[in-house]
1. Of all residues in segment 300-332, which are among the basic types (K, R) and at pLDDT 85 or above?
2. With respect to the numbered conditions (1) more than 21 Å from the chain's Cα centre (by Cα); (2) surrounded by fewer than 21 Cβ atoms within 10 Å (Cβ to Cβ), which one is the sole condition not fulfilled by Y221?
3. Sort through D68, D41 and tell me the only one that's over 28 Å from R281 (Cβ atoms), of a type in the set (D, E) and touching a Phe, Trp or Tyr at 6+ places or on another chain (Cβ under 8 Å).
4. In segment 330-358, which residue that is within 24 Å of the chain's Cα centre (by Cα) and among the β-branched types (V, I, T) is nearest to F236 (Cα to Cα)?
5. Scan the strands (runs of 3 or more DSSP E) fully inside segment 97-179 and keep the ones with 2 or more residues being free of Cβ contacts under 8 Å to residues at least 24 places away in the same chain and within 21 Å of A54 (Cβ to Cβ).
6. Can you tell me which residue within segment 30-52, out of those that are of a type in the set (V, I, T) and modelled with pLDDT under 95, is farthest from the chain's Cα centre (by Cα)?
7. So I297 ticks every box in (1) among the hydrophobic types (A, V, I, L, M, F, W, C); (2) modelled with pLDDT of 90 or more; (3) more than 24 Å from T239 (Cβ to Cβ) but one. Which box is left unticked?
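The values are calculated or read from the model by the stated rules, or taken from the named source; none is laboratory data. Here the structure is a predicted model, which means the values were calculated and not measured. Virtual Cβ from ideal backbone geometry, glycine too; neighbours counted across all protein chains shown.
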Amino acid sequence: MSFKDLGISQNLIKGLEEMNIKEPTKIQTAVIPYLLNNSGDLVAQAQTGTGKTAAFGLPILQRINLKDDKIQAVIIAPTRELCQQIAKQLFKFTKYSDKIFTEAVYGGAKIEGQIQALRRPTHILVATPGRLTDLIRRKAVDIRQANTVVLDEADEMLSMGFKKDLEFIFQSMPHKKNIWLFSATIPTDIKYLIKKYLDPHAHHIQASGNGIVNENINHQYVPCDKDEKMAVLQYFLKTQKNERGVIFCNTKVAARALYEQLSARKQSVGILEGDMHQKDRDKMLRAFKGNKSDLLIATDVAARGIDIADLAFVVHYEIPRQIDYYIHRSGRTARAGKQGISMALVTKNDLHQLQKIETELGIKMKKVPFA
């Protein structure tokens, strides 16, 4: 199917084509016609990198009443980076459309400047939960007239501790909204939110298969001892030649140690970990996105919300303790219909967790011997 078949306007299609987006993904094909032709709540389960921003963004843009300068849609996302990315994409989608005003607000930036920006006409607000809560409490933003609320990466928001903020936001919007919840996984906390705030007859959509894991990812693992990991990693990186990827560790200490080891070996590498200042985090991300570094070492929390195009692989230097983390880590590669590798370095103590990941996600990880 084409975007025209899905009901998207020609002006928006022109903007998509300029971004080289020509064919809808599975989640877009499933979600867009439903949102254009129905009101009510939606729960959509789809892996990160499958085109969710266009899936909810295009129907929102097409529904905007340009004669009304109040906030008509609120998109809530877990991180500053994801908010910036969503706002940027919506702007690009509307290059050939009538002017639709989108504003992004998030922590890590001065709130005074954001308050000033919100005094201008705003049709769509993209926000992190914490900053939106702060702005509502200061009476600096009015979202009561919004008719659509999107929760993007809902499972990540809850795992980051934003449950109370989300509840406060919902309680600040007295009349009934269309709530569109997008999540890679549906853990207990998400089920609680759905039961409490969404219509019991909310429409449910899964992108494909079990809706959990991107089918374009090639899942692999290398059995090795702990003291062999660096040698295995270096061998794997050589097989990838000039490709780029993210290497995940479970702790800040492990991430920092690996960063220092690879830097000492003259690898072109950056790092994201929880103790970094925002300016250092931004600097590392700019370098990686700008192809000034080939590798990025990250912890799970620090990597939330980042979206970097054309990553060929993800390495689990330490196998994640939570299955949700494996989903989100792996979803950094094989984006926008491309292929990617998810490679885990697995010790004997990790084998049980490996089997658990395979069973719960319905995947089979290919064993790759270390030469």
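1. At the first step, the residues of segment 300-332 found to be among the basic types (K, R) are 304, 321, 329, 332.
R321, R329, R332 - these are the residues of segment 300-332 that are among the basic types (K, R) and at pLDDT 85 or above.
2. With (1) more than 21 Å from the chain's Cα centre (by Cα); (2) surrounded by fewer than 21 Cβ atoms within 10 Å (Cβ to Cβ) applied to Y221, the lone miss is (2).
3. Working: D68 fails: touching a Phe, Trp or Tyr at 6+ places or on another chain (Cβ under 8 Å).
After ruling out the rest, the residue left standing is D41.
4. Residue satisfying both the conditions and the ranking: I341.
5. On the way: elements: 102-105, 124-127, 148-151.
By residue number, 102-105.
6. At the first step, the residues of segment 30-52 found to be of a type in the set (V, I, T) are 31-32, 43, 48, 50.
Those left that are additionally modelled with pLDDT under 95: 48, 50.
Values: T48: 5, T50: 10 Å.
Restricting to residues being of a type in the set (V, I, T) and modelled with pLDDT under 95, the top hit is T50.
7. (3)
Let's see how each residue does on (1) among the basic types (K, R); (2) more than 23 Å from D307 (Cα to Cα):
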| residue | (1), (2) |
| --- | --- |
| R120 | yes, yes |
| L132 | no, no |
| K139 | yes, yes |
| Q145 | no, yes |
| S172 | no, yes |
| I190 | no, no |
| L198 | no, yes |
